[in-house]
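Each remark here refers to the structure printed beneath this line.
Just so it is clear, none of the values below were taken in a lab; they were calculated from the coordinates. Small disclaimer: the values here were computed from a predicted structure and weren't measured. Counting neighbours? That spans all protein chains shown, and the Cβs are built from the backbone with ideal geometry, glycine included.
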Amino acid sequence: MSGLPALPLEFPALFLAGLAFGLGICSTSCLPLMGTCILGNSRKPSDGILALLSFISGRLFTAGLLGAIFGGLGQAAMARLETPSMTLASGLFTLLAGLFLLFRPRCSGCASRKRAAAPPLLLGLASPLVPCLPYAAMMAAAAASGSAMKGAGLAMVFTLGTSLSPLILACMAMGWVGAGMAGKLPRQIEGFSRAAGLVVAIFGIKTLILGLAMA
């Protein structure tokens, strides 16, 4: 096996750290918004896992982008990328997710189902921008890597670790519950979907206000 390149220790270490955070703080912080989004937006049992995949895709994209920036700029990125701007971006993505839910078309056709993937994707894009200790440590590791490519890899490996969490089972369960509600209460579920969008939008506005206060 000597001909294979050795995997840098940072990658398995950050993956394990991501798993540890995913079992606790990362799952509990993401579940309220994701649960609300899935319950108000599910029409089939599989919608829960599809929403989770959209969420993880958005999360990986933002984390990889931030990791590349921090890895390329190094410690200078800490000063250039101010926390208020990241908080404002997170609030904007969250607000858009809420608006998509709030004004979701009543029909259940193909166009509506494609649009249904937008809210969890936007929440995923917003997730790494929220100031928190796990992602601050991950960005510090990316900044210390000295390489944009390595920084992006470290960030995505960490994020993948946080995604392998109880959130998977919770989202699947929410999808089943939401689909059951939609089947038994088709008219009432539209009102619930609007209410879910309002909750997510209010959280986005709250995050935007927090970002403005920090600026």
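In plain terms, the residue of LYS150, LYS44, LYS184 with the fewest other Cβ atoms within 10 Å comes first and the most crowded comes last, giving LYS184, LYS44, LYS150.
Short-range pairs are left out: with C-alpha atoms under 8 Å and at least six residues apart, the relative contact order of region 10-214 is 45 percent.
Spatial offset of region 116-149 relative to region 155-206 amounts to 20 Å, using the alpha carbon center of each.
Charges only on Cβ, +1 for Lys and Arg, -1 for Asp and Glu: so what's the dipole of region 10-214 about the Cα centre, in debye to the nearest 20?
780
Among MET86, MET138, MET149, the ranking by other beta carbons within 10 Å of each residue's beta carbon, starting with the fewest, stands as MET149, MET86, MET138. By the count of other C-beta atoms within 10 Å, a proxy for reagent exposure, PHE70, PHE158, PHE100 are ordered fewest to most as PHE100, PHE70, PHE158.
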